[in-house]
Every structure is written in C-alpha cells, then in structure tokens.
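Structure first, commentary second.
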Amino acid sequence: AALALTVAGAGTSRPAAAVVAGGGGAGALRLLVEPAAGYAPVDALLASAKRSLDLVMYELDDPTAEAALVADARRHVAVRVLLDGGYERRANTPAFSFLAAHGVSVRWSSSRYEITHEKSAVVDNRLALIMTGNLTSYWYATTRDFVLVDSDRADVAAIARAFQADWVSGPVIDPAGADLCWSPGSTGALVALIASARHRLLVESEEMRDPEVIAALAAAARRHVHVEVTMTADPEWESAFSALRAAGVVVHLEPYRATALYIHAKAVVADPGTAQGRAFVGSENFSVASLVYNRELGVITTDREVVSALAAVLAGDFASA
C-alpha cells in the first residue's frame with residue numbers, strides 16, 4: 001500500500017508526496033520523491049538484503065549507506081559495489097577504501113564506458129532501485145531527485161544480468177526487462193517518447209545539450225504540444241534554452257543558489273492524465289555523453305500512478321521556478 005506522506009522539500013515551500021505506490025505489474029513500481037522522502041527508505045532497502053546486494057553508483061559519499069553495506073557483508077550477504085572509476089575516481093576513493101577494508105567486494109567501473117553514471121541496486125534478486133541521484137548525503141536536503149523501487153521480475157533479472165557483465169568488464173549487454181532504458185544508446189528511446197506526446201510534455205533535467213533531444217522538444221512545441229521544461233539556471237545551457245523558447249517551449253529556471261531547489265532529476269512525462277500517458281525517470285541527462293557514451297539506466301513506464309505522481313511534482317516545480 002502507498003505510504004501516505006506529504007512533506008515540504010527542504011529549501012522550498014512546495015509540498016510533495018514523498019512515497020507513491022504504482023500499479024504496474026501488480027504493484028511493481030514505487031516512486032520516492034526527494035528530498036521529501038529522505039533517504040531512510042533507501043538505507044532500509046539496502047539493509048534488508050538477506051543473500052545478495054549489487055550496487056552501481058556514480059558517486060558514493062554517504063556514511064549511513066556505506067555502513068549498511070558493511071553490515072550486510074558482516075551478515076554474510078554477498079555485497080558487490082561498482083563505483084565510477086572515470087570522472088569520479090578521486091571522489092569515490094574514500095568510499096572504495098572503506099568498503100574494501102571492511103569486507104565488501106568493490107571494483108572500479110568498466111573502461112568500456114566513458115563514465116559509469118548509473119545509480120542502481122539489486123537486492124536479493126527480488127527488487128531493484130533505479131535512481132536519478134547519487135548516494136551523496138551532502139546534497140540530499142536540497143536536491144530534486146527520484147528513486148524508483150522496481151519489483152518487476154523481468155526488470156530485476158535484466159539489471160542483475162547487466163551488473164554481472166559490467167562487474168567482469170564483459171561485452172556490453174542491455175537486457176530490456178519490462179521497460180528499461182539503457183545507455184549507451186538511449187537517444188532513440190527518449191526521442192521517441194518525446195515524439196509520442198500529443199498534448200503535454202513535462203521535462204526536468206540537470207543538463208540540456210543533446211541536439212536530438214532539443215530538436216524533439218522543439219518539434220513537439222511546433223506541433224502545438226504544450227512543453228514545459230524546468231531546470232536550474234546555468235549559462236552552459238543558455239543556447240539550448242534560447243532554441244527551445246524560440247520554438248514555443250516554456251522554460252522555467254530555478255536560481256542557482258543554496259536556498260533554491262536544485263534540479264538534478266532526469267524525468268519526462270508525456271500526456272499525463274490520458275490513456276496514452278508515459279514517463280521516463282532515470283540517470284540519463286540530456287547530453288550526448290550521457291546518451292551515447294556513458295553507462296546509464298532508466299525506466300520508461302505507462303504505470304498510471306507513477307506517471308501521475310511524476311507529473312504532479314514536475315508541474316509543481318515548474319510553477320515554483
């Protein structure tokens with residue numbers, strides 16, 4: 001059952017439903033909205049492992065999560081952790097060293113990818129966490145992110161298979177599961193999702209640089225889809241914002257300051273409130289690197305409760321930005 005919570009996000013007065021149960025796959029999806037939900041539910045799921053826990057993380061700097069992994073290993077849970085060894089190797093070295101010194105099997109990510117930006121976990125081969133945010137506690141209180149708890153058997157098995165391939169630096173495999181969206185190679189799926197919209201598109205992303213995504217959003221606006229984009233203000237994306245506005249996309253920006261909500265989420269909702277409603281949530285930013293070269297993982301779902309919940313949060317962020 002859904003946990004009925006309504007909590008104000010830190011640094012902002014907007015309310016957000018913290019935990020939403022989805023109905024897809026007989027209740028296979030559950031959405032956690034950050035920062036309202038907090039990361040205690042994530043810590044609890046990590047600590048719930050009985051037999052195995054596989055974690056992939058771009059950035060890991062959270063003493064509570066790290067302690068949960070160590071405690072699992074001490075209970076003879078088979079814990080394996082893949083940390084990005086490309087761009088974030090230096091930042092991840094303290095966590096790597098701590099875990100390795102306390103009995104956790106930990107490796108640097110495969111050099112087959114430019115970076116491993118994926119944020120996921122598989123617990124006992126029974127559920128998976130698919131996250132837009134990293135396990136970096138410094139940012140938890142002020143950052144918009146989502147965690148999708150996925151118990152769909154096909155998804156969980158697919159993520160576990162991909163982890164095993166990446167663990168041994170084997171050939172890149174992207175098992176489809178029920179609704180997974182992998183990078184390298186997710187551009188087509190995201191462009192198709194945007195192109196499918198007939199009435200309304202809601203978008204959040206930390207980055208806006210991929211020309212195919214920008215063109216798809218502009219094309220949607222030109223065919224009279226109402227397109228709303230919410231991001232944190234950054235001069236790096238100003239040329240993209242200008243192109244989108246010129247096409248009729250409405251862009252709202254959160255100021256880049258400590259008291260504002262930082263938009264780190266990566267989410268798209270197409271035609272919420274209709275039978276055709278679909279949504280994406282995952283680690284993929286809208287950049288060529290993220291979609292073409294990095295290891296990333298997301299979900300594209302028709303789950304009505306998840307679609308509705310994401311739409312409500314994105315619409316609230318747009319109105320407040």
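The values are calculated or read from the model by the stated rules, or taken from the named source; none is laboratory data. Only a predicted model underlies this, so the values are computations on that prediction, with no experimental measurement involved. Cβ sites come from the backbone with ideal geometry, for glycine too, and all protein chains shown count toward neighbours. For the accessible areas, the whole protein counts, side chains as well, though only heavy atoms, and no ligand, DNA or RNA atoms are used. Shrake-Rupley method; radii C 1.70, N 1.55, O 1.52, S 1.80 Å.
Of the residues contained in the stretch 135-147, none is found to be over 28 Å from G38 (Cβ atoms) and part of a helix (DSSP H, G or I). Applying a threshold of 6 Å to beta carbon distances and a minimum spacing of six or more residues, or different chains, the list of pairs starting in the stretch 146-163 at a residue that is without any contact (Cβ under 8 Å) to a residue 40 or more places away in the chain and ending at one that is aliphatic (A, V, I, L, M) and open to solvent by less than 10 Å² (accessible area, probe 1.4 Å) reads V156/A128.
With respect to the conditions (1) open to solvent by 10 Å² or more (accessible area, probe 1.4 Å); (2) farther than 12 Å from L201 by Cα, E284 falls short on a single one, namely (1). Just one of the listed residues (T187, T274) is under 30 Å from S110 (Cβ atoms) and modelled with pLDDT of 95 or more, and it is T187.
Quick one: which helices (runs of 4 or more DSSP H) sit completely within the stretch 23-109 and have at least 3 residues that are crowded, with 16+ Cβ neighbours inside 10 Å, modelled with pLDDT of 95 or more and under 18 Å from the mean Cα position of the chain (by Cα)? Those helices (runs of 4 or more DSSP H) span 40-47.
Of all residues in the stretch 274-315, those being within 20 Å of R30 (Cβ to Cβ) and in a helix (DSSP H, G or I) number 11. On inspection, V122 does not qualify as at pLDDT below 95 and either touching an Asp or Glu at 6+ places or on another chain (Cβ under 7 Å) or under 28 Å from D210 (Cα atoms) (or both). Looking only at the stretch 275-304, residues that are over 14 Å from I130 (Cα atoms) and of a type in the set (V, I, T) come to 3 in all.
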